[in-house]
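Here the structure comes first, spelled out in structure tokens, and everything after it is commentary.
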Amino acid sequence: MRNKRETDISRYTDKSADTGIINGKSESGVKRFFKGLGKFLLTAFTICFVAFFIAGISLSIYIFTLASEPTGIDLKAKSLNQTSFIYIKDDKTGEFKEYQTLYSTENRIWVDNQDIPQAMKDAVVAIEDKRFYDHNGVDWARTLSAVVNLATGEDTYGGSTITQQLIKNITDDNEVSINRKLREICKALKLEDEYTKDQILEAYLNVVNFGNNCQGVESAAQLYFDKSIKDCSIAECAAIAGITQNPSLWNPLVYPENNKKRREIVIDEMYDQGKISKSEYEQAMKESADMTFVGFQNTKEDDDDDDYVQNWYIDQVFYDLKEDLALYYNISEEAASEKLYTEGLKIYCAMDEEMQNYIEDAAQNIDKTYDSELQIGSVLMGFDGRVIATVGSSKKKTQALEWDRATHSSLQPGSSIKPVIVYPYAIDNKMLYYSSLVKDEPVDNWKDVNGQLVSGPNNAYGSYNGDMLLPDAIEISSNATAVQTMNLIGGPSVAYEQAVTKMGFKKLSEEDAGNTGALSIGGMNGGVSVREMAAAYNYMGNGGLYYEPYTYYYVTDSEDNIIIDNRESVPKQAYSAETASIMN
């Protein structure tokens with residue numbers, strides 16, 4: 001029997017937790033619900049606010065970065081269709097001398113603003129951008145609509161003003177994305193600050209595609225009507241203006257009925273917008289009803305007997321500068337190529353003319369006794385990355401921009417890769433020293449050509465020497481010691497990271513990051529170029545530095561402003577000077 005003096009705890013249990021009683025007062029379930037909902041909403045609001053705040057800052061920084069970029073557009077230089085010049089240093093004086101010119105041969109004839117009839121200007125404004133003279137480069141209502149369409153997966157072309165279309169044509173930026181739209185908007189606003197409406201419209205009418213390889217209204221007028229644009233009627237101007245939005249669909253030579261419908265829409269727009277009178281409208285419609293086109297004519301034979309073919313070095317200058325200009329201006333390489341040929345650039349080339357002639361002659365005279373199709377790629381490079389001379393074939397060059405085996409080919413380097421990655425990396429990280437013993441022994445997990453795990457790799461000298469000094473292993477080009485060293489440094493992924501981040505190798509494949517033989521003995525899934533190998537070997541003679549190869553010192557625009565300058569390029573410290581000395 002329980003002692004009655006024991007405390008019956010159950011008598012004092014607070015049952016308010018079950019009944020909702022707090023301090024004697026009842027809190028309803030509805031009140032608790034709204035209290036919890038309020039906390040939830042406050043938390044959600046705070047999270048969303050912070051997220052939107054961070055996103056807003058990020059977007060603002062991104063837009064500011066875009067707005068700070070150069071437009072890459074020089075309308076003055078483009079209007080002059082200027083020849084660009086390549087200069088090289090004179091061996092005797094050390095001064096630069098003109099070496100070669102670059103000029104455009106495409107079907108474009110620039111016509112100045114005063115020679116473009118008002119009807120042509122009115123026609124294109126009426127159909128493409130009726131508020132052209134009122135906006136600052138961006139029609140915000142149309143742009144917002146275009147962004148909404150893009151977000152829903154619909155076409156966005158209608159959102160572009162003439163200024164934006166001009167930018168798209170010059171930069172050749174055809175990416176369908178909001179990023180591209182933002183880039184275009186920033187450049188359009190900047191372009192309208194730099195140029196007048198007349199200059200922008202003049203450039204637009206001279207660079208856009210009017211079908212059949214006609215760039216600009218003058219070449220279009222001559223093709224379709226066999227006359228200058230200044231002599232074209234309202235109806236003829238409307239026919240040309242109607243082509244540009246879809247040159248294939250509105251092509252008057254291929255689809256004359258389509259062009260008729262389109263040009264009459266243009267004439268209607270010109271009349272509705274008050275750009276032509278009632279009588280001009282009626283005359284234009286009457287002319288449109290029976291319009292005929294001239295089309296292609298027999299051209300005179302090319303009397304250019306110049307058999308000059310630019311050398312391998314100048315080809316490489318073109319490739320390098322095209323890539324660099326595209327990166328600098330955030331434009332396509334095609335647009336960068338056009339800048340090279342039309343905007344009067346001055347390119348100060350790094351070629352040594354005497355050495356270039358020497359290695360081209362040497363390449364054409366290599367011994368082909370055992371292989372008549374033997375080819376060669378050769379690069380001579382200074383310790384600062386300057387490409388002194390380069391050649392891409394053992395055959396005589398017959399045209400510009402041929403396939404270049406020194407830079408375009410992805411090749412297997414074989415044992416020449418050994419002093420570039422695994423050995424110097426091991427020395428740099430104090431895993432090996434000049435006097436270290438290395439193992440000339442096979443590994444058990446070596447993959448043969450069939451992908452089978454075997455004991456290997458084999459050495460060219462047909463045996464294994466056991467422990468041997470590092471200099472001796474390098475001298476006899478031991479495959480086994482290179483693979484053993486690959487494992488010592490942490491495997492192929494470590495070597496791959498060094499190769500792509502510090503040594504400038506761009507042609508390796510991702511599979512090479514897991515292939516033991518790729519960067520140890522040169523059996524790659526991807527490959528390397530001759531130029532990459534020349535640049536990678538430089539570290540042994542310049543204190544462990546890697547310089548990006550360059551073929552030009554600097555380049556200026558038509559007004560002598562420096563655009564890109566390689567003279568003070570900053571190298572990467574690929575390896576320490578001590579490692580470079582040991583490997584050397």
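The values are calculated or read from the model by the stated rules, or taken from the named source; none is laboratory data. Just so it is clear, the model here is predicted, and its values are computed rather than measured. All Cβ positions, glycine included, derive from the backbone under ideal geometry; neighbour counts span all protein chains shown.
Only one residue in Val555, Val483 is β-branched (Val, Ile, Thr), surrounded by 18 or more Cβ atoms within 10 Å (Cβ to Cβ), modelled with pLDDT of 95 or more and under 15 Å from Gly414 (Cα atoms). Which one?
Working: Val555 fails: under 15 Å from Gly414 (Cα atoms).
On inspection, the qualifying residue turns out to be Val483.
Among the numbered criteria (1) of a type in the set (Gly, Ala, Ser); (2) in a loop (DSSP other than H, G, I, E, B); (3) buried (at least 20 other Cβ atoms within 10 Å of the Cβ); (4) touching a Leu at 6+ places or on another chain (Cβ under 8 Å), which single criterion is violated by Ala406? With respect to (1) of a type in the set (Gly, Ala, Ser); (2) in a loop (DSSP other than H, G, I, E, B); (3) buried (at least 20 other Cβ atoms within 10 Å of the Cβ); (4) touching a Leu at 6+ places or on another chain (Cβ under 8 Å), Ala406 is out only on (4).
Look through Ser415, Ser436, Ser410 and report the one residue that is on the phi < 0 side of the Ramachandran plot and within 25 Å of the chain's Cα centre (by Cα).
Working: Ser415 fails: within 25 Å of the chain's Cα centre (by Cα); Ser436 fails: within 25 Å of the chain's Cα centre (by Cα).
Selected residue: Ser410, the only one of Ser415, Ser436, Ser410 that is on the phi < 0 side of the Ramachandran plot and within 25 Å of the chain's Cα centre (by Cα).
Taken over region 219-246, the criterion of being crowded, with 23+ Cβ neighbours inside 10 Å and charged (D, E, K, R) is satisfied by Glu236 alone. State whether one or more residues within region 551-559 are in contact (Cβ under 8 Å) with a residue 60 or more places away in the chain, within 12 Å of Asp384 (Cα to Cα) and not in a helix (DSSP H, G or I). Yes, because at least one residue in region 551-559 is in contact (Cβ under 8 Å) with a residue 60 or more places away in the chain, within 12 Å of Asp384 (Cα to Cα) and not in a helix (DSSP H, G or I). Would you point out the residue of region 560-573, among those that are in contact with a Lys or Arg (Cβ under 9 Å, 6 or more places away or on another chain) and in a strand (DSSP E or B), that is nearest to Lys89 (Cα to Cα)? Out of the qualifying residues, it is Lys572. The numbered conditions (1) touching a strand residue (DSSP E or B) at 6+ places or on another chain (Cβ under 6 Å); (2) in contact (Cβ under 8 Å) with a residue 24 or more places away in the chain; (3) hydroxyl-bearing (Ser, Thr, Tyr) are all true for Ser415 except (1). Only helices (runs of 4 or more DSSP H) whose full extent lies in region 172-291 are considered here, and the ones with at least 2 residues that are in contact with a Phe, Trp or Tyr (Cβ under 8 Å, 6 or more places away or on another chain) are 197-207, 217-225, 234-241, 256-272, 278-289.
There is no residue in region 514-521 that is modelled with pLDDT of 95 or more and either surrounded by fewer than 20 Cβ atoms within 10 Å (Cβ to Cβ) or in a loop (DSSP other than H, G, I, E, B) (or both).
This table checks each residue for (1) at pLDDT 90 or above; (2) hydrophobic (A, V, I, L, M, F, W, C).
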site: Ser104; (1), (2): no, no
site: Trp110; (1), (2): no, yes
site: Ile116; (1), (2): yes, yes
site: Ala126; (1), (2): yes, yes
site: Phe132; (1), (2): yes, yes
site: Arg142; (1), (2): no, no
site: Asn149; (1), (2): no, no
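Scanning region 454-480 for residues that are among the charged types (D, E, K, R), closer than 19 Å to Pro419 by Cβ and either loosely packed, with under 13 Cβ neighbours inside 10 Å or touching a Leu at 6+ places or on another chain (Cβ under 7 Å) (or both) yields one hit, Glu475.
Sort through Tyr281, Tyr255 and tell me the only one that's surrounded by fewer than 20 Cβ atoms within 10 Å (Cβ to Cβ) and modelled with pLDDT of 95 or more.
Details: Tyr255 fails: modelled with pLDDT of 95 or more.
Answer to the selection: Tyr281.
Residue check: is Lys447 assigned by TED's automatic domain parsing to the domain that holds Ala426 and crowded, with 16+ Cβ neighbours inside 10 Å? Here the answer is no, as Lys447 does not meet what is asked. Scanning region 371-388 turns up no residue that is in the same structural domain as Gly543 (by TED's automatic domain parsing), under 27 Å from Pro571 (Cβ atoms), in contact (Cβ under 8 Å) with a residue 60 or more places away in the chain and aromatic (Phe, Trp, Tyr). Inside region 339-356, residues that are farther than 17 Å from Glu98 by Cα and without any contact (Cβ under 8 Å) to a residue 60 or more places away in the chain make up a count of 1.
Among the residues of region 260-300, those identified as closer than 19 Å to Met120 by Cβ and either touching an Asp or Glu at 6+ places or on another chain (Cβ under 6 Å) or of a type in the set (A, V, I, L, M, F, W, C) (or both) are Ile265, Val266, Ile267, Met270, Lys275, Ile276, Ala284, Met285, Ser288, Met291, Phe293, Val294. Among the conditions (1) at pLDDT 95 or above; (2) buried (at least 23 other Cβ atoms within 10 Å of the Cβ); (3) within 18 Å of Lys447 (Cβ to Cβ), the only one that Ala536 does not satisfy is (3). Count, please, the residues in region 438-469 that happen to be farther than 18 Å from Gly523 by Cβ, in a strand (DSSP E or B) and not charged (D, E, K, R). So the count comes out to 4.
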